[in-house]
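Below: one structure, written as structure tokens.
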Amino acid sequence: MITLIKPLLVNITILFSFTFNANLFFPFQTKHHLSLKQKVIYGLIGAFGGLLCMFYPIETLGDTRFDLRMIAIFVITLYTGWLPGMIVLISTCFIRILISGPFVGIGLTINIFALLTALLFRKKFLRSSNKYLLGTIAILCYISIYIILLSFSVHFLHFNFYIIYFTISYFVCMALIFVIEKLIKINKQFEEMVYLDKLTMIGQLTASIAHEIRNPLTTVRGFIQFLSKETKDEQFKQFSSIILDELDRTNSIITNYLMMTKPEQFRLTDIPLHEVIDSCVQLMRPYASYTNVSIEWEKNEPIFIRGDVHSLKQAIMNIIKNGIEAIEGQGIIKINVKPDYFKNKVRLRISDNGRGMSQEQLKQIGLPFYTTKSKGTGLGSMVTNKIIRDMNGSIEYESELGQGTKVTIEFPLLHSET
Ligand code: ADP
Ligand code: MG
């Protein structure tokens, strides 16, 4: 029993240290799309970890080794998919074949099942809000398969050993999930900090200039409007509407900017989320149908949150507008609200089936002046993000090129009246 502690600790340390190393190479994120390079590097790190576990077996039975390599295969596959999983699987299997012995077959089968079970649960696991529950189900499934396979082939070791081995396997797996989830959260907070830092810097610099530009702009607009009515010059008449449009656009950019630096207009009160969405949908419907887009909004129970009605409307309309603008030809914007009373949160999801964004584009959304539209301001998402953050909410964009975009917003739930 005591003799098991040392190799067990070595195995556990290897797995944890490789998890932290993988996070150093590419910080863990919730985004499900990894680049090929990321997948290969995660796979290689996992493979190295798995192999080291094999070199420090917990228990040996002739040429058979009990170690925690299958946890490496399992967790890597669960989080990063089949390719990294296969890299770990192939390298550990290769070494297992080199070690040889009478139980090569069972050793390989156990490895392969780690990959298959993880793949089976992967989609559900990544989407689930309770990763520990799904992780437990997945690992227990795998352990059951492992025990069944062992009972058919190897039962020479002491019963107590199996108990310790499987219990430790379960806890190590759960601890790894815990560490990975924590790292994802820390990385997200760090990214948010960098983002806010960028905003503050640019915001402070330009807010003062913006204010100064706005006043003369209003004067210019007034004169152009006045002159365009009075003038006999046909060319001036013709182009004055373009000048006015462009001036309005400039003004809207400045208004958006000033919104960021004028928190005194922002007042938190108890607001009915369902009614706010309702009025946004009403307001956006004409614009949507003009561009052949339909808005599908499932209104059900009333939901209340704490926020500022005016700002929230602006945020939701920005997102809907972006969705409509992303759709070429016919399309649909779906809006739904789902309260989670257990977590005391409400999730608002706005999705479109427009052109979507690449991973590179997704990283830029929300940064000032990032736009791909000829008449865009590149400020809409920045203002939206700020409003939602100021209301203690969170916002996340998921998108796939050619498929569409999903925007998920979460707010703390206030109470619900039925
Ligand atoms: P703007 O709408 O003025 O361009 P935003 O900050 O609202 O500025 O959006 C920035 C960019 O993000 C857009 O130009 C567009 O490329 C991209 N984007 C935002 N929402 C979507 C969406 N739903 N689908 C595809 N691209 C989007
Ligand atoms: Mg926009």
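The values are calculated or read from the model by the stated rules, or taken from the named source; none is laboratory data. Since the model is a prediction, treat every value here as computed from it, not as a measurement. Don't worry about glycine lacking a Cβ; one is built from the backbone with ideal geometry, like all the others, and counts go over all protein chains shown. Surface areas here come from the heavy atoms of the whole protein model, side chains and all, with no ligands, DNA or RNA. Shrake-Rupley method; radii C 1.70, N 1.55, O 1.52, S 1.80 Å.
For the stretch 342-354, state whether one or more residues are within 14 Å of the chain's Cα centre (by Cα) and closer than 16 Å to M317 by Cα. Checking the stretch 342-354: at least one residue is within 14 Å of the chain's Cα centre (by Cα) and closer than 16 Å to M317 by Cα.
Scanning the stretch 394-410 for residues that are within 16 Å of ligand 2 (Cβ to nearest atom) and either of a type in the set (F, W, Y) or exposed (fewer than 14 other Cβ atoms within 10 Å of the Cβ) (or both) gives a single hit, Y397.
Of the residues that make up the stretch 82-99, is at least one part of a loop (DSSP other than H, G, I, E, B) and small (G, A, S)? First the steps, then the outcome.
Pass one, the stretch 82-99, residues part of a loop (DSSP other than H, G, I, E, B): none.
No, the conditions are met nowhere in the stretch 82-99.
Being more than 7 Å from ligand 1 (Cβ to nearest atom), within 22 Å of T30 (Cα to Cα), without any contact (Cβ under 8 Å) to a residue 12 or more places away in the chain and not acidic (D, E) is a condition met by no residue of the stretch 396-417.
If you go through the stretch 365-375 one residue at a time, how many are within 6 Å of ligand 1 (Cβ to nearest atom) and touching a residue at least 24 places away in the same chain (Cβ under 8 Å)? Outline the logic, then answer.
Applying the first criterion (within 6 Å of ligand 1 (Cβ to nearest atom)) to the stretch 365-375 yields 365, 370-373.
Right, trim to touching a residue at least 24 places away in the same chain (Cβ under 8 Å) and you get 365, 373.
Within the stretch 365-375, residues that are within 6 Å of ligand 1 (Cβ to nearest atom) and touching a residue at least 24 places away in the same chain (Cβ under 8 Å) number 2.
Annotation note: Cβ proximity below 9 Å between a residue of the stretch 379-392 that is within 11 Å of ligand 1 (Cβ to nearest atom) and a residue that is of a type in the set (K, R) and assigned to a helix (DSSP H, G or I) (sequence gap 6+ or interchain) occurs for G380/K321.
Would you please name the residue that is surrounded by the fewest Cβ atoms within 10 Å (Cβ to Cβ), looking only at residues in the stretch 295-313 that are touching a residue at least 60 places away in the same chain (Cβ under 8 Å) and of a type in the set (D, E)?
Filtering the stretch 295-313 for residues touching a residue at least 60 places away in the same chain (Cβ under 8 Å) gives 301-308, 311-312.
With of a type in the set (D, E) added as a condition, the list becomes 301, 308.
Numbers: E301: 10, D308: 18.
Ranking the candidates gives E301 first.
Out of I316, I333, I320, I need the residue that is assigned to a strand (DSSP E or B), within 16 Å of ligand 2 (Cβ to nearest atom) and open to solvent by less than 50 Å² (accessible area, probe 1.4 Å). Which one? Every option except I333 fails the conditions. Filtered by the rule that a residue be out of contact with any Leu (no Cβ under 8 Å at 6 or more places or on another chain) and open to solvent by 20 Å² or more (accessible area, probe 1.4 Å), the stretch 344-361 gives R347, R349, S351, D352, N353, Q359, E360, Q361. Within the stretch 287-332, being at pLDDT 90 or above and among the basic types (K, R) holds for R306, K321. For the stretch 362-385, taking the residues that are farther than 18 Å from M317 by Cα and among the polar types (S, T, N, Q), the one that is surrounded by the fewest Cβ atoms within 10 Å (Cβ to Cβ) is identified as S374. Is it the case that the stretch 281-294 has a residue that's outside the structural domain of L34 (by TED's automatic domain parsing), more than 16 Å from ligand 2 (Cβ to nearest atom), surrounded by 15 or more Cβ atoms within 10 Å (Cβ to Cβ) and not acidic (D, E)? Among the residues of the stretch 281-294, at least one is outside the structural domain of L34 (by TED's automatic domain parsing), more than 16 Å from ligand 2 (Cβ to nearest atom), surrounded by 15 or more Cβ atoms within 10 Å (Cβ to Cβ) and not acidic (D, E), which makes the answer yes. Pairing residues of the stretch 337-364 that are touching a residue at least 12 places away in the same chain (Cβ under 8 Å) and more than 15 Å from ligand 1 (Cβ to nearest atom) with residues that are assigned to a strand (DSSP E or B) and basic (K, R), at Cβ distances under 6 Å and at least 6 apart in sequence or on separate chains, gives R347/K338.
Search the stretch 264-278 for residues being outside any strand (DSSP E or B) and more than 28 Å from the chain's Cα centre (by Cα), and hand back the single one that is modelled with the lowest pLDDT. Looking at residues that are outside any strand (DSSP E or B) and more than 28 Å from the chain's Cα centre (by Cα), I get E264. In this structure, does L413 turn out to be open to solvent by less than 50 Å² (accessible area, probe 1.4 Å) and either at pLDDT 95 or above or more than 22 Å from W297 (Cβ to Cβ) (or both)? Spelling it out, it is not the case that L413 is open to solvent by less than 50 Å² (accessible area, probe 1.4 Å) and either at pLDDT 95 or above or more than 22 Å from W297 (Cβ to Cβ) (or both).
Does the stretch 49-71 include one or more residues that are at pLDDT 85 or above, outside any helix (DSSP H, G or I) and farther than 27 Å from F161 by Cβ?
Taking the stretch 49-71 and keeping what is at pLDDT 85 or above, we get 49-56, 67-71.
Imposing the further condition that a residue be outside any helix (DSSP H, G or I) reduces the set to 56, 67-68.
If we keep only those that are farther than 27 Å from F161 by Cβ as well, we get none.
Scanning the stretch 49-71, I find no residue that is at pLDDT 85 or above, outside any helix (DSSP H, G or I) and farther than 27 Å from F161 by Cβ, so the answer is no.
Taking the listed residues K363, K345, the one that is outside the structural domain of R127 (by TED's automatic domain parsing) and either at pLDDT below 90 or among the aliphatic types (A, V, I, L, M) (or both) is K363, with no other qualifying.
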